[in-house]
1. What number in nm² do you get for the stretch 57-209 if you take the convex hull of its Cα atoms and divide its surface by four?
2. Taking the Cα centre of the stretch 3-204 as origin and charging only Cβ (+1 Lys, Arg; -1 Asp, Glu), how large is the dipole, in debye to the nearest 20?
3. Please turn the phi angles of the stretch 153-166 into ³J(HN,Hα) values with the Karplus equation 6.51 cos²θ - 1.76 cosθ + 1.60 (θ = phi - 60°), one per residue in order, whole Hz, x for glycine and proline.
4. So which trypsin sites (Lys or Arg not before Pro) in the stretch 103-209 are both in a DSSP loop and have at most 12 other Cβ atoms within 10 Å of their Cβ?
5. Against the longest alpha carbon principal axis of the chain, how many degrees, from 0 to 90 and to the nearest 10, is the axis of helix 3-26 turned?
6. Any idea what the dipole of the stretch 24-70 comes to, in debye rounded to 20, about its Cα centre with Lys/Arg Cβ at +1 and Asp/Glu Cβ at -1?
7. Work from the charge dipole of the chain (Cβ charges, +1 for Lys and Arg, -1 for Asp and Glu, about the Cα centre) and give the residue of VAL33, GLY190, LEU153 farthest towards its positive end.
8. Output wanted: per-residue J couplings in Hz (rounded whole) for the stretch 45-51, from phi through Karplus 6.51 cos²θ - 1.76 cosθ + 1.60, θ = phi - 60°, x for Gly and Pro.
Amino acid sequence: MNITKYRKVIFLLPVILAVFVIVACQKPVRLPVLAKSDVVVAFGDSITYGIGAGPQESYPAVLEQIIGRRVVNAGISGEVTAEGLSRLPQILEQEKPALLILCHGGNDYLRRLGREKTADNIREMIRLAKQNGAAVVLIAVPGLSFSVSPEPLYKDIAKEFKIPLEEKTLSDVLSDNSLKSDLIHPNAAGYRRLAEAVASLLKKSGAID
């Protein structure tokens, strides 16, 4: 190797290393493969329940059609994370899910209950699910801001527990009036968009083919 080529290699080395770091950081968290008989529980508040659309247009119902597994809609309108935390053990015992899709926190923000407590409740729900043998996927909920951007706490929690995060789709949906039924809920098209994003994440994470 001549001096010129050697210098080029040395010059490009930091760039090559940076590319490897970026690729490694973007690699999706892997999930166990879902058998056809496995149960998925979508757990949350009115976004999960499907306010603003018909029962078969909620994101869990659409997700069930896409992934070919039973998806239980365990959403309760108006629920805050403290109430969700109290309710979750019964759902886990009853349904014995292989996967929990957690979308919670919006009502905490509306009631200004404090982000630290919201984060702690979400962490404890993830711990409970894992203790009961369920993998977890987290959906980020936007906070109360004009930008309708996802709350940073979801990214932090997903990194802490090494679980897949669907970070942007719900915020994108709630930023688009054509995908909303009111100020805080998607319409049928918005729920479908969310279901498609979750299905895509499950595929990238290895849970489905």
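Nothing in this text is a laboratory measurement; each read-out follows from the coordinates by a stated rule. Given the structure is predicted, the values throughout are model-derived calculations rather than measurements. Positions of Cβ are generated from backbone atoms using ideal geometry, with glycine treated the same way; all protein chains shown enter the neighbour counts.
1. Values: hull surface 33.5 nm².
Reported value for the Cα convex hull: 8.4 nm².
2. With only Lys, Arg, Asp and Glu charged at Cβ, the dipole is about 1140 debye.
3. Using θ = phi - 60°, the values come out as 4, 5, 5, 4, 5, 4, 5, 4, 9, 6, 10, x, 10, 9 Hz.
4. Values: sites: ARG111, ARG112, ARG115, LYS117, ARG123, ARG127, LYS130, LYS155, LYS159, LYS162, LYS168, LYS180, ARG192, ARG193, LYS203, LYS204; in loops: ARG111, ARG112, LYS162, LYS168.
Within the stretch 103-209, the qualifying trypsin sites (Lys or Arg not before Pro) (loop, at most 12 other Cβ atoms within 10 Å) are ARG111, ARG112, LYS162.
5. The helix 3-26 is inclined about 10 degrees to the chain.
6. Numbers: 5 positive and 4 negative charges, 65 e Å.
Roughly 320 debye, rounded to the nearest 20.
7. Farthest towards the positive end: VAL33.
8. 10, 5, 5, 6, 4, x, 4
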